[in-house]
Amino acid sequence: MEQYNWQEVLKALPLLNNLLFRGGDSDQERLNLNLTQRKTLLLLGSHSPVTQSEILSYTDRDKGALSKVIQSLVEEGYVQRLPSSKDRRKVLLTLTDRGKEISLTLTKNLFDHFMQIFSVLDEVELNELYKSLEKLTHLSELMGERLVQKGKEKHD
């Protein structure tokens with residue numbers, strides 16, 4: 001079995017994430033959105049409605065900082081807060097029509113940016129990378145679910 005230097009590889013993941021998202025928005029100056037605002041709009045564009053805590057797991061911000069980001073997106077008219085029909089204590093976040101338009105623009109710009117970055121890969125390598133990233137995503141979701149379950153077991 002090969003020896004793997006997991007620490008070195010894992011250091012690359014946050015770096016890769018930041019490099020991929022930075023520069024991926026050619027309309028950044030026009031829209032005047034920071035990286036966390038863009039990521040939040042992208043997430044809401046593909047997973048909506050969601051709670052703030054669900055968004056928190058996808059960002060590298062703490063609860064207070066994310067609250068400020070969401071409030072700024074509400075004030076700009078990109079996001080709206082809706083009461084949950086299932087649990088009155090929960091507030092759901094969803095995109096407004098203006099937010100949907102911006103999210104689509106961000107998604108297109110990000111896709112174009114990714115394809116430019118990954119243009120050094122041939123089709124087979126690109127498919128392998130994509131499949132590996134899908135597996136990593138699935139693994140991280142499973143690990144997150146286990147952590148939540150362990151937390152529940154501790155409190156029981």
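The values are calculated or read from the model by the stated rules, or taken from the named source; none is laboratory data. Here the structure is a predicted model, which is why all the values come from computation and not from measurement. Heads up, the Cβs are rebuilt from the backbone with ideal geometry, glycines too, and the neighbour counts pull from every protein chain shown.
Below, the figures for the structure above:
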read-out	value
Selection count, the range 69-97, where residues are of a type in the set (Lys, Arg) and surrounded by 13 or more Cβ atoms within 10 Å (Cβ to Cβ)	2
Restricting the range 85-104 to residues that are part of a loop (DSSP other than H, G, I, E, B) and either of a type outside the set (Ser, Thr, Tyr) or out of contact with any strand residue (DSSP E or B) (no Cβ under 6 Å at 6 or more places or on another chain) (or both), the residue that is modelled with the highest pLDDT	90
Residue list for the range 56-91, filter: within 21 Å of residue 32 (Cα to Cα), among the hydrophobic types (A, V, I, L, M, F, W, C) and in contact (Cβ under 8 Å) with a residue 24 or more places away in the chain	65, 66, 69, 70, 73, 79
So residue 125, is it modelled with pLDDT of 90 or more and under 23 Å from residue 16 (Cα atoms)	yes
The range 41-52, subset touching a residue at least 12 places away in the same chain (Cβ under 8 Å) and not in a helix (DSSP H, G or I), residue nearest to residue 110 (Cα to Cα)	48
In the range 118-128, the residues that are in a helix (DSSP H, G or I) and touching a helix residue (DSSP H, G or I) at 6+ places or on another chain (Cβ under 7 Å)	118, 126
Residue satisfying all of: in the range 54-84; over 24 Å from residue 15 (Cα atoms) and among the polar types (S, T, N, Q); modelled with the lowest pLDDT among these	84
Subset of the range 53-64 (residues that are in a helix (DSSP H, G or I) and surrounded by fewer than 13 Cβ atoms within 10 Å (Cβ to Cβ))	53, 63, 64
